[in-house]
Amino acid sequence: MSQSVATPPSTSLTAEHMKASMSKLQAELIAQYGQDQAIRIRRGLHQVMEFWREDDGDTSVYEDFVRKNFAGDQASLDIMFDRFQRLLEQLDGHMHEIIREFRNQQDLDVGPVRTYDETFGGYDPSAHIIDDFFQNKLAFTVLLNFPLTTLDERINLGPKWTRRQWAETRLAQRFSKRIPADVNLAIAQAAAESDNYITAYNIWMHHLVDDKSQRLFPPKMRLLSHWNLRDEIKADYIDKENGLAKQRMIQQVMERIITQTIPQVVIDNPRVDWNPFTNQVTPAAVSDSDAPVTTDTKIANSAEPSTRYAMLLKTFHAARLADPYSPTEPTLIARRFEENRELPEERVQAMLEQVLTSPLVLQVAKLIESRLGRPLEPFDIWYSGFRPGSSNDERELDSIVAKKYPAAESYQKDIPNLLMKLGFSSDRANYLADRIVVDPARGAGHAMGAEMRTEKAHLRTRVEKSGMNYKGFNVAAHEMGHNVEQTLSLNDVDYTLLQGVPNTAFTEGFAFVFQAQDMHLLGLASPDVRSEALKTVNDFWGTYEIAGVALVDMAVWHWMYDHPDATPEQLRDATLQISKDLWNKFYAPVFNKKDVVLLGVYSHMIDSFMYLPDYPIGHLIAFQIEEQMKKAGNIGTEFERMAKMGRITPDLWMENATGSPVGAEALLNATEVALKQAQIPAE
Ligand SMILES: [Zn+2]
């Protein structure tokens with residue numbers, strides 16, 4: 001695809017004319033509104049010019065627009081601010097309402113889903129709003145009057161801003177990018193193409209053979225890379241007979257994928273057998289699928305031709321097309337950290353390295369070795385044995401829950417009672433319960449908040465014909481945590497422009513707090529100290545693993561920006577080197593093995609535009625929230641205090657909530673205590 005998709009923001013001719021207009025208007029407006037408006041006037045004119053395109057109108061249109069829409073005194077600015085806040089809430093709220101209704105047939109357990117239901121569910125009526133707002137110039141009205149900010153300003157000046165200033169900042173940010181439709185389309189196409197590549201990347205496990213031609217995995221087992229492969233490694237810890245051999249084999253498969261030495265023909269193909277150690281491919285000797293056994297004995301075992309890295313490069317080239325249209329964050333890396341996460345990349349890097357270099361790593365590693373009774377192997381980055389077994393019999397729990405909640409309505413009725421058990425006053429519990437609707441989910445369950453105050457949050461939970469089961473109750477507790485956060489941070493926040501939390505990790509933190517209380521909510525004994533400690537150590541080890549994966553993702557994107565003309569083979573080699581370097585630095589001293597490439601296996605790296613750092617940051621943030629709740633004692637009042645802060649920067653939010661910025665200390669301190677406190681016996 002051609003890379004010259006759209007013309008850059010302004011041509012030199014119009015730029016010159018615009019500059020002349022700007023100086024003229026600047027003098028005129030200062031004369032009209034006074035010197036104390038000079039800074040706002042200069043900034044507003046500059047912000048509008050940065051996004052103005054030829055088809056928005058000539059200089060006379062521009063001048064007329066500015067004269068009519070600059071709010072030069074506080075009273076007019078207040079009216080403008082209130083109007084935009086109120087109407088944008090209506091716009092977001094009703095759009096969200098339509099999207100929710102359009103998805104209902106897919107999301108709820110209410111009968112068959114027809115093809116047109118899928119089309120309704122995939123439709124987004126809000127997709128063109130930003131384009132429309134630039135076209136009708138409402139976006140320019142905002143840019144003329146309210147300040148665009150950099151992350152640096154939000155971090156350094158934000159703590160001194162008033163709440164209104166924060167609300168104005170968020171209002172302006174809605175229009176900080178004007179990405180042309182064809183660029184968005186190119187990005188969506190690259191995302192879809194890489195996503196298709198990833199979702200078809202299955203390995204037929206029964207067709208993996210070892211040197212003795214043994215098949216370790218059962219027939220029909222088809223695992224998607226990397227998720228299912230990783231989860232199979234986790235599940236194999238309980239297989240005392242073949243677990244270790246299976247785990248070693250999966251590691252070998254993963255390495256073949258990362259290095260692209262995997263034979264092309266074995267991908268999603270049950271018609272061949274494959275020894276991932278020798279890399280030999282033969283016609284399948286057994287059949288476990290509907291696919292006919294091939295009679296063709298000549299099977300090529302040529303390697304996959306770096307397609308994995310060609311896909312990643314496509315997403316990079318597409319993402320880069322948006323750079324010129326995003327003046328405050330001109331790279332995807334900047335957009336991810338400064339716009340989406342609002343945490344500077346250097347800080348994130350430092351937090352992750354703090355976990356990776358913690359002396360606790362070695363202590364936990366020793367503990368795992370003693371539990372396994374063997375030295376660690378590289379795949380043990382996915383060790384799962386700390387998960388505590390429940391002391392309650394799950395079938396007994398199922399029947400307790402089913403009796404309590406035979407239908408979604410019975411859970412609905414019980415919400416005030418459940419919230420009071422968590423420390424909310426009866427007034428507040430009823431207030432919240434009035435704003436949450438329980439629906440029967442088709443899938444496992446999810447929480448869908450409202451986007452306007454006259455709408456309610458929806459709690460989707462699975463209820464079987466025989467009533468809700470324990471798993472459903474556990475999920476419902478999690479989703480109820482989301483719903484309570486969504487309700488408080490919309491209805492109780494002082495400006496709806498600040499509705500929400502800084503990013504998804506924060507709402508997950510709230511949801512985990514509720515979920516962890518599920519036994520208490522059922523009136524049963526809560527987890528004991530030892531299982532709490534095991535859970536903490538498990539969180540720590542999971543964060544240690546994903547922190548390295550995130551650093552690979554970050555380093556690979558930097559490499560691509562530094563080498564924009566790289567070939568897929570060059571990107572493959574660079575990714576392997578980056579994976580090995582980070583392994584050697586942070587994992588080799590623990591695992592006593594060098595040059596392992598496993599950190600490069602995550603599929604998100606190929607199709608998700610540097611999403612992976614969200615996971616370790618999310619672990620750290622959720623942990624901070626959970627720890628603060630434990631410290632405060634009363635979940636209800638603490639929850640309300642935190643959720644009302646709205647969408648300010650993560651650090652400022654966390655300082656208000658816990659006294660410290662976002663960081664690794666809470667997790668590290670708790671892990672240290674957990675290791676001492678729980679004298680965890682070897683298995
Ligand atoms: Zn959640």
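Any read-out appearing in this document is the output of simple, stated calculations on the displayed coordinates, not a laboratory observation. No experiment lies behind these values; they were computed from the predicted model shown. FYI the Cβ positions are ideal-geometry reconstructions off the backbone, even for glycines, and counts take in every protein chain you see.
Stretched out fully, how many nm does the piece from Arg641 to His46 gain, at 0.36 nm a residue minus the Cα gap?
Here the segment from Arg641 to His46 would lengthen by 210.3 nm.
Helix 394-404: angle to the longest alpha-carbon principal axis of the chain, degrees 0 to 90, nearest 10?
Taking Cα atoms only, the helix is inclined about 40 degrees.
Only loop residues by DSSP count here, and only those with at most 10 other Cβ atoms within 10 Å; note down the chymotrypsin sites (Phe, Trp or Tyr not before Pro) in the range 142-215 that meet that.
Nothing satisfies the criteria.
List every residue whose amide H lies under 5 Å from the amide H of Val438, counting only residues 5 or more places away in sequence or on a different chain, with H placed 1.01 Å from N in the peptide plane.
Leu459
Given R₀ = 30 Å, what would the calculated FRET efficiency be for Gln363 paired with Lys212, taking r from the Cβ atoms and rounding to 0.05? Don't skip to the end; give the middle numbers.
Values: r = 38 Å, r/R0 = 1.28.
Efficiency at R0 = 30 Å is approximately 0.20.
Under a crude label model (7 Å from the Cα following the beta-carbon direction), how far is Gln264 from Ser23 in nanometres?
Each label point lies 7 Å from its Cα, and together they span 6.2 nm.
Could you line up Asp36, Asp414 from fewest to most neighbouring Cβ atoms inside 10 Å? It would help to have the intermediate numbers written out before the result.
Details: Asp36 8, Asp414 16.
Least to most surrounded, the residues fall as Asp36, Asp414.
Pull out the extension gain between His520 and Ile39, defined as 0.36 nm times the separation in residues minus the alpha carbon to alpha carbon distance; nm, one decimal. The partial results should precede the final answer.
On the way: separation 481, 0.36 × 481 = 173.16 nm, distance 5.64 nm.
167.5 nm is the gain from fully extending His520 to Ile39.
Enumerate the calculated ³J(HN,Hα) couplings along the range 116-127 in order (Karplus 6.51 cos²θ - 1.76 cosθ + 1.60, θ = phi - 60°), each rounded to whole Hz, writing x wherever the residue is Gly or Pro.
5, 5, 5, 5, 4, x, x, 7, 10, x, 9, 4
Which percent, nearest 5, of DSSP beta bridges in the chain are antiparallel?
Bridges in the chain that DSSP calls antiparallel: roughly 70 percent.
I need Arg572, Arg86 ordered by Cβ neighbour count within 10 Å, fewest first.
Ascending number of Cβ neighbours within 10 Å: Arg86, Arg572.
May I ask which of Lys177/Lys630; Lys68/Lys177; Lys240/Lys404; Lys234/Lys585; Lys246/Lys594 have a Cα-Cα span longer than 30 Å here?
Violating the 30 Å limit, Cα to Cα: Lys177/Lys630; Lys240/Lys404.
Would you calculate the convex hull of the Cα atoms in the range 482-614 and tell me its volume per residue in Å³?
Working: hull volume 21.6 nm³, N = 133.
Measuring per residue, one finds 163 Å³ for the Cα hull of the range 482-614.
By how many nm would the segment from Tyr611 to Asn669 lengthen if fully extended, with 0.36 nm per residue of separation less the alpha-carbon distance?
18.2 nm is the gain from fully extending Tyr611 to Asn669.
On each of the three principal axes of the Cα atoms of the range 26-118, give max minus min coordinate, whole Å, ordered largest first.
Answer, in whole Å and largest first: 67, 32, 17 Å.
Starting from the amide H of Phe424, placed 1.01 Å from N in the peptide plane, find each other amide H under 5 Å away whose residue is 5 or more places distant or on another chain.
Under 5 Å from the amide H of Phe424 lie the amide H atoms of Gly636, each far enough along the sequence or on another chain.
If you put +1 on each Lys and Arg Cβ and -1 on each Asp and Glu Cβ, how big is the dipole of the chain around its Cα centre, in Debye rounded to 20?
It works out to roughly 820 debye.
Select from Met468, Ala670, Thr278 the residue farthest towards the positive end of the dipole of the chain; place +1 on Cβ of Lys and Arg, -1 on Cβ of Asp and Glu, and compute about the Cα centre.
Ala670
Within 10 Å of each candidate Cβ there may be at most 11 other Cβ atoms; applying that plus a DSSP loop requirement, which trypsin sites (Lys or Arg not before Pro) in the range 163-268 survive?
Qualifying residues, ordered by number: Lys212, Lys220, Lys240.
Compute the label zone of Lys403 within the range 511-526: residues whose backbone N is under 12 Å from the point 7 Å along Cα-to-Cβ.
Within reach of a label on Lys403: no residues.
Which of the aspartates and glutamates could a cross-linker bridge to Lys413, judged by Cα under 12 Å and excluding same-chain residues fewer than eight apart?
Once the sequence-local aspartates and glutamates are set aside, what remains near Lys413 is Asp434.
To the nearest 20 debye, what is the magnitude of the charge dipole of the range 529-683 about its Cα centre, counting +1 on the Cβ of each Lys and Arg and -1 on the Cβ of each Asp and Glu? All intermediate terms of the calculation are to be shown ahead of the outcome.
On the way: 13 positive and 21 negative charges, 96 e Å.
For this selection, approximately 460 debye.
Take every Cα pair under 8 Å in the range 169-325 that's 6+ residues apart, average their separations, divide by the length, and report that relative contact order as a whole percent.
26
Tell me what the chain gives for mean residue ellipticity at 222 nm when only DSSP H runs of n ≥ 4 count, each as -39,500 (n - 2.57), the sum divided by the residue total, rounded to 500 deg cm²/dmol.
Working: 29 runs with 388 residues, N = 683.
That comes out to -18000 deg cm²/dmol.
Mind giving me the FRET efficiency for Lys471 and His94? R0 is 41 Å, r the Cβ-Cβ distance, nearest 0.05 is fine.
0.75
With contacts defined as alpha carbon pairs under 8 Å and 6 or more residues apart, what's the relative contact order of the chain in percent?
It comes to 15 percent, rounded to a whole number.
With θ set to phi - 60°, apply the Karplus curve 6.51 cos²θ - 1.76 cosθ + 1.60 along the range 175-187 and write out the HN-Hα couplings as whole Hz, x wherever there is a Gly or Pro.
10, 7, 9, 9, 8, x, 4, 5, 5, 4, 5, 4, 5
Can you sort Glu394, Glu342 by how many other beta carbons sit within 10 Å, fewest first?
Lowest to highest Cβ neighbour count: Glu394, Glu342.
Based on the Kirkwood radius over alpha-carbon pairs, what value in µm²/s does the Stokes-Einstein equation return for the translational diffusion coefficient of the chain at 4 °C and 1.567 mPa s?
46
Can you tell me the Rg and Dmax of the range 74-158, counting just the alpha carbons, in angstroms?
18.5, 56
Can you tell me the mean projection area, over all orientations, of the convex hull of the range 534-683's alpha carbons? Units nm², please.
Dividing the Cα hull surface by four gives the mean projection, 11.9 nm².
Using R₀ = 41 Å, calculate the FRET efficiency as 1/(1 + (r/R₀)^6) where r is the Cβ-Cβ separation of Asp231 and Asp73; round to 0.05.
It comes to 0.10.
Two decimals is fine: what's Rg over Rh for the range 199-255, C-alpha atoms, Kirkwood radius as Rh?
0.93
Non-local amide H neighbours of Val209 (under 5 Å, H modeled in plane, Pro and chain starts lacking H): which ones?
Those lying under 5 Å, H to H, from Val209 are Trp274, Asn275.
Evaluated at 37 °C with a viscosity of 0.692 mPa s, what Stokes-Einstein diffusion coefficient in µm²/s does the range 462-533 have when Rh comes from the Kirkwood expression over alpha-carbon pairs? Before the final figure, lay out each step's value.
Working: Rh = 13.8 Å.
D, rounded to a whole number, is 238 µm²/s.
Can you tell me, using C-alpha contacts under 8 Å and at least 6 residues apart, the relative contact order of the range 425-512 as a whole percent?
Once divided by the residue count of the range 425-512, the mean separation gives 26 percent.
In whole Hz, with x marking every Gly and Pro, tabulate ³J(HN,Hα) for the range 365-376 from phi via Karplus 6.51 cos²θ - 1.76 cosθ + 1.60, θ = phi - 60°.
Along the range 365-376, the couplings run 4, 4, 4, 5, 4, 6, 6, 7, x, 7, x, 5 Hz.
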